């Protein structure tokens, strides 16, 4: 069965400092992995996706993530946080093991301090 | 190119009433998913539909909840005899195929409040 764990429910960083949001997954197959961002009272916006091509994936707004099979991780990073990055971030796994569900992590709320 | 459109954005219902949530997928997308989000929680899968077919409804309560995606028109999530515990944000997402590589495209959600 597939599952995803976001290791931190809340992360606070100062503006201009690096961001690290951690995600570990479990999958019996070759998974596809996604990161989404949700601003208050908005829907989810796709930041980036991994689909078995390059393990280092670049997304929008300066975010990137690295797929590490040996560690079953897909952590999201950004070199320098901006105030507008404050939001909820969701890691998602999909491996199509006969079902059609994308499994969401419980989310990490990122706070950016001035 | 319009994104996923959900309406209404906010819906208030009294206990016992019916709630109808609508979702128009992106143009060219024939796969629709419904998710529920409670405050401070992640998204919980409810149902996956293709045109005129329910593919997977394992996340949807068996009573009071139903979903459809007709040949013409939007997908509808229907909640009969609403209770306070149904208060949540309901998100619709669409994708162009059932490939695991296809990301979901989300609407802005419908926030249901049951009074």
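The values are calculated or read from the model by the stated rules, or taken from the named source; none is laboratory data. Just so it is clear, the model here is predicted, and its values are computed rather than measured. With ideal geometry, Cβ positions are generated from the backbone for all residues, glycine too; neighbour counts draw on all protein chains shown.
So residue A:75 fits all but one of (1) surrounded by 12 or more Cβ atoms within 10 Å (Cβ to Cβ); (2) within 13 Å of chain B (Cβ to nearest Cβ); (3) free of Cβ contacts under 8 Å to residues at least 60 places away in the same chain; what number is the exception?
Only one criterion in (1) surrounded by 12 or more Cβ atoms within 10 Å (Cβ to Cβ); (2) within 13 Å of chain B (Cβ to nearest Cβ); (3) free of Cβ contacts under 8 Å to residues at least 60 places away in the same chain is unmet by residue A:75, namely (2).
In the set B:77, B:112, which member is in contact with a strand residue (DSSP E or B) (Cβ under 7 Å, 6 or more places away or on another chain), crowded, with 19+ Cβ neighbours inside 10 Å, more than 14 Å from chain A (Cβ to nearest Cβ) and part of a strand (DSSP E or B)? Steps first, answer last, please.
Numbers: B:112 fails: more than 14 Å from chain A (Cβ to nearest Cβ).
Step by step, each of B:77, B:112 is checked, and only B:77 is in contact with a strand residue (DSSP E or B) (Cβ under 7 Å, 6 or more places away or on another chain), crowded, with 19+ Cβ neighbours inside 10 Å, more than 14 Å from chain A (Cβ to nearest Cβ) and part of a strand (DSSP E or B).
Against the condition at the interface with another protein chain (Cβ under 10 Å from one of its Cβ atoms), at positive phi and more than 10 Å from the chain's Cα centre (by Cα), how does residue A:9 come out, does it pass? Spell out how you get there, then give the answer.
Numbers: at the interface with another protein chain (Cβ under 10 Å from one of its Cβ atoms): yes; at positive phi: no; more than 10 Å from the chain's Cα centre (by Cα): yes.
Taking the combined requirement at face value, the residue does not satisfy it.
I need the full set of residues from the range B:80-106 which are part of a loop (DSSP other than H, G, I, E, B) and under 28 Å from residue A:52 (Cβ atoms), in order please.
Kept after step one, since they are part of a loop (DSSP other than H, G, I, E, B), are these residues of the range B:80-106: B:80-83, B:87, B:96-104.
Scanning the range B:80-106 gives B:96, B:97, B:98, B:99, B:100, B:101, B:102, B:103, B:104.
Restricting attention to the range A:78-114, report how many residues are part of a strand (DSSP E or B), under 15 Å from the mean Cα position of the chain (by Cα) and in contact (Cβ under 8 Å) with a residue 60 or more places away in the chain.
Filtering the range A:78-114 down to residues part of a strand (DSSP E or B) leaves A:78, A:87-94, A:103-104, A:108-113.
If we keep only those that are under 15 Å from the mean Cα position of the chain (by Cα) too, we end up with A:78, A:87-94, A:103-104, A:108-110.
Among the residues that remain, those that are also in contact (Cβ under 8 Å) with a residue 60 or more places away in the chain are: A:78, A:89-94, A:103-104, A:108-110.
Within the range A:78-114, residues that are part of a strand (DSSP E or B), under 15 Å from the mean Cα position of the chain (by Cα) and in contact (Cβ under 8 Å) with a residue 60 or more places away in the chain number 12.
Restricting to the range A:64-79, name every residue that is farther than 20 Å from residue A:13 by Cα and either at pLDDT 95 or above or in contact with a strand residue (DSSP E or B) (Cβ under 7 Å, 6 or more places away or on another chain) (or both).
Step one: of the range A:64-79, the residues farther than 20 Å from residue A:13 by Cα are A:66-73.
A:66, A:67, A:72, A:73, listed by residue number.
Check every one of the strands (runs of 3 or more DSSP E) wholly within the range B:1-45 and list those with 2 or more residues that are away from chain A (no Cβ under 13 Å), surrounded by 15 or more Cβ atoms within 10 Å (Cβ to Cβ) and modelled with pLDDT of 95 or more.
Details: elements: B:5-7, B:10-13, B:19-24, B:31-37.
Because the criterion is at least 2 residues that are away from chain A (no Cβ under 13 Å), surrounded by 15 or more Cβ atoms within 10 Å (Cβ to Cβ) and modelled with pLDDT of 95 or more, the strands (runs of 3 or more DSSP E) in the range B:1-45 that meet it are B:10-13, B:19-24.
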